[in-house]
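Notes follow the structure.
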Amino acid sequence: MAKVDYPALADDIFERVGGADNVETAGHCITRLRLRIRDMEKVDKKGIDQLPGVITVVEAGGQFQVVIGDNVGIVYNAFARHLPDDSSPAGGSGQEEGEKQNLLNRFIQLISAIFLPIVWALAGAGLFKAFVALAVTLGLLDGESQTFIILDAASDAVIHFLPMLLAVTVAKRFGANQFVLLGIAGALMYPTIQGLYETGEPVHFFGIPVVMMSYVSSVIPIIVAGWVLGMFERLLDKILPGSIRNFTKPLLSLLIMVPAVLIVIGPITTYAATGLASGITYLFGLAPWLGGAIVGGLWQVLVIFGLHWGTVPVMLNDLTTQGYSLLTGPIVPAVIAQGAATAAVFIRTRSANRRQLAGPAALSGIMAGVTEPGIYGVNLPLKKPFYFGVVGGAVGGAIAGFGGSAANSFVIPSALALPAFLYVGDFGLLLIGIAVAMVISFVLTFFFMDRESPDGEATETAAPAPADEVAPEPQDPAAPTGANASVAEGGAGTATLTRTSVVDVVSPVSGTLMPLEEVQDKVFASGALGKGVGITPDEDTVRSPLTGKVISVAGSKHAFGLKSDDGVELLVHIGIDTVELKGEHFTTAVAKGEQVRAGDVLATVDFAAVKAAGYDTTTIVTVTNTAKLQEVTPAQAGPVEAGAPALVVIP
C-alpha cells in the first residue's frame, strides 16, 4: 500500500469541503476529523471519500466526519493551519446553527467539544494507573514506597484534577474566560475547601448553609459552572464601563461564581450525578446480563455515528461517584469482537486491497480498542462481518455484565486495558465473555462472509497454459478467432488458455448466472449490445467486473460503462427497465472518469424494493465492443459468487 502524505491529504480535504469560509469549526477524535460545515452543498463528499488515506466519510451528530485512522492528528494539525484561530471544536457559540439541529445533535456536539481534546490524556493516564495498580497487586511495587507515591501521582493527576482540565475546554465551548473558570475549578479543589468537606462539620457562607461536596475528579459541576459563567460574563460586558471592565469582570466573576457553585450548582449537580450512577447500577443489578447484552450489542452501532462519545461523561461520573463504571465491562467484548471479525476477513478475503487494510485494522481494534478503521474499511462494506461482530459483542457483553465487570479507571476498552478491570466484578467471566465474543464473530465471519474478488487478478484455472501446450498459429486467415483459446467444460468458467492476453470479466454480484439469450429483454438477449451473461442477484452490492475506468454512469444510477486497459468495453446493466425508477433504491459509489479495480463497489441496490416495485432484478454484463475482439466466452450457467469468472475475453 502506497505511503500516504497526510499533510497533503489535509490540503485536499480542505479544498473539497469548500475552504475556510465553509468550515464553522474543526476538531478531531481518535480516528476522525470532525467538521461543522456551513453549506453541505459545497462539499465534495464523493471526492473526499475516494482520497488515498480516507477510510470513509460520515454525517452524524451535526458534523461532517472524515475517518482517517490513527494518523488523524497529523491531518488535523495540517488542516487547522488553514483556519482562523476561532475555528476550533469549541470556537464560537454556534447558537444560530445549533438552533436548527435537534437536541441529540446539539448534545453530541457539546460533549465532543468538551471531552475530545483531552480524551487521549484521560486514556493514557487511566492505562498508566491500571498498570501501577497491577504492579502493586503482583508484588512488583511496594504500595508504601516513595517510588509508588511518585508513579501514583503521575498516573492519577489527570483524573484527580479533571475539573481543571475540563475548565479549559468548557470555557472555550461556552465563550467564557478560561483562566477565570480555571480559578473557579481551583477553588472547588482548594485544600482548605476540601478540608471543610472532610471534617463533616456544618459550613455557612454569611449565614447561608453550604452543603459541602468533594469535587475531586468531578465532571458535571464544572460544565454547568462554565455555562453559567459564560452568560454572566456576557451580562457584565453589557453593563460594565470599558475603562474598568478588564479587571472588574474577573473580580466579580470569582466573587459571585465560587459561592454560587458551592451553595447551589455543586450540590444540585452532584446529587443528579449520584442519581444517574445509582440508576445505572440498579439496571445492571436488576438484570446484569440484559444490561450487558444491550451495551455490548449497541456499542459499535453508536461508534458508526460517533454517538459513543455521549457516554463519556456518564462513565467519568460513575468513576467519580462510585469508583468504577459498569458501562465499561460489556464494551470490551464488543470492541474485541469487531477486531476478531476483521481478522477473519484478513484471513478469508481474496482481495489483496482488503487484506492490506484488514490486518492493521484488526490489530488496532483488538489491542488498542480503535475499531473505526476495521468498521468503515472492512466490516461495514462487507456487511456480514459487522453483523457478526455485533452478535458476538452482545453475547460477550451479556457474560461480562452478568459478572459485574467494570473498569476502575478511564481507559479505552481493549486488550491492553484489561488490568483496569481486575478489581471490580468477576474478571474470569470478563475473559470468558471476550473469548466467546471473539469466537462467535470470527467463526461466523470466516464461514459465512462474502469472499470478494481477487482484485481483478486471473484465477488459477484461467492461467495461460504451459508453452508446450500452445497451439500453433492458424495459417488459414479464415480460421475462427477463438482458435488460440479453448474453455474446458465442467466448471463455471474453468478455462485452459493458450494466450497471455486474456481478460477475466468476473461476476459483479453473487447469484445465479444464466446465458444472455435467456434474459427477459429482447435487445440484450439478441446480442445486439454484445456477448455477455445475466445474473439473478442474491445480494445488494454490485461490484466492478474488471479493472479499468468508468466511462459512463446513467443518471438513473442503474447502468455503468467500463473500459479496461486492454480495450475491453463493458456495460453493467442493473435490472430490466429499471431506468423508470429514476434512481430510486439505487446508490452509486463511483463517478464517471474514476479508476476502479475488479471487486470495487459500483452501487448498492435495494433489490427487494426493486422487485416489489415490479421490476426484473437480473443484472446484465455485456461486452459492448465484442465485434472488435477475438473471443468472448461466457461461463457456464449456474450458481456464481461475486468475483468468480463470468466471461473470458481475448482482445
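Computed from the coordinates by the stated procedures, all read-outs in this text should not be read as laboratory data. None of these values were measured; they are calculated from a predicted model. Note that each Cβ is placed from the backbone with ideal geometry, even for glycine, and that neighbours are counted across all protein chains shown.
Between M231 and A415, what FRET efficiency follows from the Cβ-Cβ distance if R0 is 45 Å, with the result rounded to 0.05? Calculated transfer efficiency: 0.50. Here the relative contact order of the range 318-401, from alpha carbon pairs under 8 Å that lie six or more residues apart, stands at 41 percent. Rounded, prolate or oblate for the range 181-326? Axes are the square roots of the Cα gyration tensor eigenvalues, ordered a ≥ b ≥ c, and the cut-off for rounded is a/c under 1.5. The shape class here is oblate. Averaging the sequence gap over all C-alpha pairs within less than 8 Å and six or more residues apart, then dividing by the number of residues, gives the range 288-448 a relative contact order of 35 percent.
Sorted from longest to shortest, the spans of the Cα atoms of the range 196-264 along the three principal axes equal 44, 27, 15 Å. Computed 3J(HN,Hα) for the range 140-145, one whole-Hz value per residue from the Karplus formula 6.51 cos²θ - 1.76 cosθ + 1.60 where θ = phi - 60°, is 7, 9, 7, x, 9, 7, glycine and proline marked x.
Using the Cβ-Cβ distance between D606 and E518 with R0 = 25 Å, the FRET efficiency computed as 1/(1 + (r/R0)^6) comes to roughly 0.50.
Largest first, the three principal axis extents of the alpha carbons in the range 539-638 are 40, 31, 21 Å in whole numbers. Label separation (N246 vs F448): 6.9 nm, computed from points 7 Å beyond Cα along the C-beta direction. The length gained on full extension between T587 and D11, counted as 0.36 nm times the residue separation minus their Cα-Cα distance, comes to 204.6 nm. Extension gain for L422-E594 works out to 56.8 nm (0.36 nm per residue, less the C-alpha to C-alpha distance).
Between E144 and T536, the distance separating the two model label sites (each 7 Å from Cα on the Cα→Cβ line) works out to 8.0 nm.
Using the Karplus equation 6.51 cos²θ - 1.76 cosθ + 1.60 (θ = phi - 60°), what ³J(HN,Hα) coupling, rounded to whole Hz, does each residue of the range 212-225 give in order, writing x for Gly and Pro? After applying 6.51 cos²θ - 1.76 cosθ + 1.60, I find 7, 10, 8, 9, 4, 6, 6, 10, 5, x, 6, 5, 5, 4 Hz.
When the listed pairs K46/K384; K45/K549; K42/K172; K582/K611; K3/K42; K563/K592 are checked against a 22 Å cut-off, the alpha-carbon distance exceeds it for K46/K384; K42/K172; K3/K42. Shape of the range 6-88 from the C-alpha gyration tensor: rounded (a/c under 1.5, with a ≥ b ≥ c the square roots of its eigenvalues). Dipole magnitude for the range 171-274: about 480 debye, using +1 per Lys or Arg Cβ and -1 per Asp or Glu Cβ, origin at the Cα centre.
Computed from label points 7 Å out along Cα-Cβ, the spacing between Q636 and L134 is 5.6 nm.
Inter-part distance, the range 362-432 to the range 561-592, computed on C-alpha centroids, equals 40 Å.
Ranking G175, T192, A260 by how far each Cα lies toward the positive end of the dipole of the range 171-274 (charges on Cβ) leaves G175 at the top.
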